[in-house]
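I have placed the structure first, in the form of structure tokens, so that the comments after it can refer back to it.
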Amino acid sequence: MRIGELSKRTGVSPRSLRYYEEQGLLTSSRSDAGQRHYSDTAVQRVSLIRQLFDAGMSSRVIATVLPCVDVPGDLGVAEETFTAMMRERDRIDADIAHLIEARDALDVLIRANSRHRAELSTAPEPVAPST
């Protein structure tokens, strides 16, 4: 199938599909006219790539994980994939911890602002100086 058909079947833009190829995540053959042609299995591969991107992985990390799909019986590849996925999970955990710290700091500022607003709403209106 051509790139437009793959795009339609996966919901992924042709631009993204070309990017996946540039990163070595997806392969195609070329016609004599230079058009990309994909096998039917490309639909499943693009779906997997999207899942990995949605999980927060970069294209570099995805490239280390995909060989597990390509060579499923290789224990060494499976171990490398497991290590890469655990490293990504640890990175996500660290990002979550950082976001929790940022949220907690923002909560402190919100409470301080709420107190300040309450003080301003109960303060008497300033009297304009007479001239």
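Worth a mention:
- Qualifying position, being over 30 Å from I3 (Cα atoms), open to solvent by 50 Å² or more (accessible area, probe 1.4 Å), among the aliphatic types (A, V, I, L, M) and modelled with pLDDT of 90 or more, among L106, L120: L106
- Flag for L52 being surrounded by 10 or more Cβ atoms within 10 Å (Cβ to Cβ), touching a residue at least 40 places away in the same chain (Cβ under 8 Å) and touching a helix residue (DSSP H, G or I) at 6+ places or on another chain (Cβ under 8 Å): no
- Condition met for Q44 (open to solvent by 90 Å² or more (accessible area, probe 1.4 Å) and within 27 Å of E5 (Cα to Cα)): yes
Yes/no matrix, rows are residues, columns are (1) closer than 28 Å to D95 by Cβ; (2) at pLDDT 95 or above; (3) not acidic (D, E):
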| residue | (1), (2), (3) |
| --- | --- |
| G11 | yes, yes, yes |
| S28 | no, no, yes |
| A33 | no, no, yes |
| R36 | no, no, yes |
| T41 | no, no, yes |
| S47 | yes, yes, yes |
| D54 | yes, no, no |
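- Filter result for R89 (out of contact with any Pro (no Cβ under 6 Å at 6 or more places or on another chain), among the basic types (K, R) and more than 30 Å from E22 (Cα to Cα)): no
- Single match in I62, I100 (criterion: surrounded by 10 or more Cβ atoms within 10 Å (Cβ to Cβ), out of contact with any Leu (no Cβ under 8 Å at 6 or more places or on another chain), at negative phi and not aromatic (F, W, Y)): I100
- Of all residues making up segment 10-54, the number that are of a type outside the set (A, V, I, L, M, F, W, C) and assigned to a helix (DSSP H, G or I): 15
- Looking across segment 68-93, the residues that are open to solvent by less than 60 Å² (accessible area, probe 1.4 Å) and over 13 Å from M57 (Cα atoms) come down to C68, G76, V77, A78.
The values are calculated or read from the model by the stated rules, or taken from the named source; none is laboratory data. Since the structure is predicted, the reported quantities are computational estimates derived from the model, not experimental observations. Ideal geometry is used to build each Cβ from the backbone, glycine not excepted, and the neighbour counts take in all protein chains shown. With ligands, DNA and RNA removed, areas are computed over all heavy atoms of the protein, side chains included. Shrake-Rupley method; radii C 1.70, N 1.55, O 1.52, S 1.80 Å.
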